[in-house]
Structures are given as C-alpha cells and as structure tokens.
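Have a look at the structure below, then the notes.
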Amino acid sequence: MEAGRTSTVRLETIVSLAKRRGFVYPGSEIYGGLANTWDFGPLGAELKRNLKNAWWEFFIQRREDMLGLDGGILLHPRVWEASGHVEEFNDPLVDCRRCKSRFRADTLIEEKLERSSEGLSIEDMTRIIQESNLACPVCGARDWTPVRKFNLMFRTFIGPVEEQSTLVYLRPETAQAIFINFKQVVQTSRVKIPFGIGQVGKAFRNEITPGNFIFRLLEFEQMEIEYFIRPETWEEYFDHWLNEMARFLRWIGFKPDRLRTREHGPQELSHYSKKTIDFEYLFPFGWKELCGLAYRTDYDLR
C-alpha cells in the first residue's frame, strides 16, 4: 500500500451516520457546542463498553502475569514533576498576529509546506515559518509570533483559593498511577518480575486538536499496560508485546491492509522512551496513530 494513500470513505459520511444512529453527539450542542468534545449516545456507550471489555479480557483476564488497577484522575502535582510532564509535556505553538488564531507549528509545517517536522527545534520551526512566508490558514496574513512551548496539562485547584499550593493537574496519561502504586501492588499481590499492570481510564490533554471527529480529543479514555521486566530482556518482551498488540487488533476486526507500524525517530521519542513503535491506521484523513508501544526503561521507577 502506498504511504500517501488515504481512505475512500469520507469523514463527513462517517460523522453523519454516527450521529443519526446515536453513536455520538456533539458536546453541549444545545448551548452552541464545545469544540472537540463529543458525547457517546446509547449505541456509542455500548460500543465503548464492548471494546473495553474485550481489551480487559484479552490483556488482563486471560493472562496469569497481568493485574488490574483503577487509579485516580487527580494525583499529587509532584507526580507530574517527577515524571517530567511539567517540563517536557509540551506542544510547539505559533500565533497569527493579525487574527490571533493559534496553530501547532509542527502541523503547519507538515501540512502547508509538506515537509517533515521530525527533529526540528523551536528555533528551527520559527525560522522555517518565517523564511517560507507561510500564510495564515484563517486570514491569509504572513505575520507570525515566534514558536513557543505550551504545556498540555489541564490545571485546576483544590479548595476555594487558587494559589500554587492548591494546584493540581488532570492526568494527561493513566500510566503514572501504575508507577506510584507499583510497590503496593507487589506487596499485596506477591507478584514477581516479569508481570504487568493494566488499567482503563480517562485522560485529558489541553492541546490544539485537528478536529477530525473523535480522533484526538481534549478528554478521552486510555487502555494502558505497564509491563515490568529485567533490563537485559527488554528486546524479547518488546517483540512479544508488539505481536500481542497486532493479534488483538486483528481479533477485534481491523483489516491488515489498513494497519501499519512506524518506529519513532531519535528526535521524536518521548522524554521517557528509548524505543517507540506506533500502530497507525488508515483513517479518511490519512495514516494516524492508533496505539503505541514504548520501552520506558526504569525512568518512572527511579
């Protein structure tokens, strides 16, 4: 299959069908809607439940080396400082000075200039946007702010006073609840390495989403596993879990010709990852990440 190929099914057709049949509804629609939020209707709720149950059965209940967990959405802010999310969990953003519209700089470069943004620094992206004389997709102006980093975590406060001492974050991933409870799980369950902990839960990311229906929303659910091993065996288990993920996707009905794997380049890796491979799916808007596998080393347990 050609890398640039897109689906023949139009996204608008899928959205229309999903709304008519009660799978999804636009969020807060009677009040004008809230961008990039969706509510799941009667059929959508059942579909989600079936998917989560299938995942739980396949990865947790069928295996003797897996345990389940249900961590909280609110964690101590020091969790996110220790994990690197406060410093590293950012998107590169740029503003049009005329209309004040805000965009992801890497997305602008990839979609409007048709070049890869992999490995580009903030300074590189600023220079490329300025030198290419790129026009704003909204108003057509060519006057941009410098690219800057924007942290993706939603902030809120505990109690009536909004001050630094009461600051907490809505979790941007489910993994950290697994890491901070690792010792308790080992002690209470009497498990030994290798073993894994899985959970399903909500996560929140304050990012500029592409607006492609329910792909990459501000609020979403993750199904995640952290598997704990001896460091010398990581490549063996990486291959094992890559095969298990592919087997699960086939089991729930994904067509092989609409799936592919893609390894992250060195500059694309998350701050915690030594190796990451994504499963990408051929959506109506092109190949995009469906799920991923990362070797996090012992970054989160140090």
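The values are calculated or read from the model by the stated rules, or taken from the named source; none is laboratory data. If you're wondering where the values come from, they're calculated on a predicted model, not measured in any experiment. Here Cβ is always computed from backbone atoms with ideal geometry, including for glycine, and neighbour counts include all displayed protein chains.
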Practice item. Give region 139-194 a look and list any residue that's of a type outside the set (D, E, K, R), over 28 Å from L217 (Cβ atoms) and assigned by TED's automatic domain parsing to the domain that holds F103, or say none. Key: G140, A141, P146
Exercise for review: Given the conditions (1) on the phi < 0 side of the Ramachandran plot; (2) without any contact (Cβ under 8 Å) to a residue 24 or more places away in the chain; (3) part of a loop (DSSP other than H, G, I, E, B), report the number of the one that E46 does not fulfil.
Suggested key: (3)
Review point. Name the pairs whose Cβ atoms lie under 7 Å apart, with the first residue in region 19-32 and closer than 18 Å to L217 by Cα and in the same structural domain as A45 (by TED's automatic domain parsing), the second charged (D, E, K, R) and in a strand (DSSP E or B), and 6 or more positions between them or separate chains?
Key: V24/D39; Y25/D39; G27/D39
Exercise for review: Just need a number here: residues in region 240-272 that are at pLDDT 95 or above, among the small types (G, A, S) and closer than 13 Å to L293 by Cβ.
Suggested key: 1
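Let's see how each residue does on (1) in contact (Cβ under 8 Å) with a residue 60 or more places away in the chain; (2) small (G, A, S):
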{"site": "R78", "(1), (2)": "no, no"}
{"site": "C96", "(1), (2)": "no, no"}
{"site": "R102", "(1), (2)": "yes, no"}
{"site": "S117", "(1), (2)": "no, yes"}
Exercise for review: Mind listing whichever residues of region 182-219 are at pLDDT 90 or above and β-branched (V, I, T)?
Suggested key: V185, V186, T188, V191, I193, I197, V200, I214
Point to revise | Those residues of region 77-109 which are assigned to a loop (DSSP other than H, G, I, E, B) and not hydrophobic (A, V, I, L, M, F, W, C), in sequence order | key: G84, R97, R98, K100, S101
Review point. What is the residue count in region 285-298 for residues that are assigned to a loop (DSSP other than H, G, I, E, B) and either charged (D, E, K, R) or modelled with pLDDT under 90 (or both)?
Key: 3
Practice item. Kindly indicate which of Y237, Y169 is at pLDDT 95 or above, farther than 17 Å from E280 by Cα and in a strand (DSSP E or B). Key: Y169
Point to revise | Subset of region 2-36 (residues that are assigned to a helix (DSSP H, G or I) and either of a type outside the set (S, T, Y) or modelled with pLDDT under 90 (or both)) | key: L11, E12, I14, V15, L17, A18, K19, R20, E29, I30
Review point. Could you say which residue among N151, N212 is surrounded by 14 or more Cβ atoms within 10 Å (Cβ to Cβ), in contact with a helix residue (DSSP H, G or I) (Cβ under 8 Å, 6 or more places away or on another chain) and within 30 Å of E12 (Cα to Cα)?
Key: N212
Point to revise | Those residues of region 37-89 which are of a type in the set (G, A, S) and either surrounded by 15 or more Cβ atoms within 10 Å (Cβ to Cβ) or modelled with pLDDT of 95 or more (or both), in sequence order | key: G41, G44, A45, A54, G68, G71, G72, A82, S83
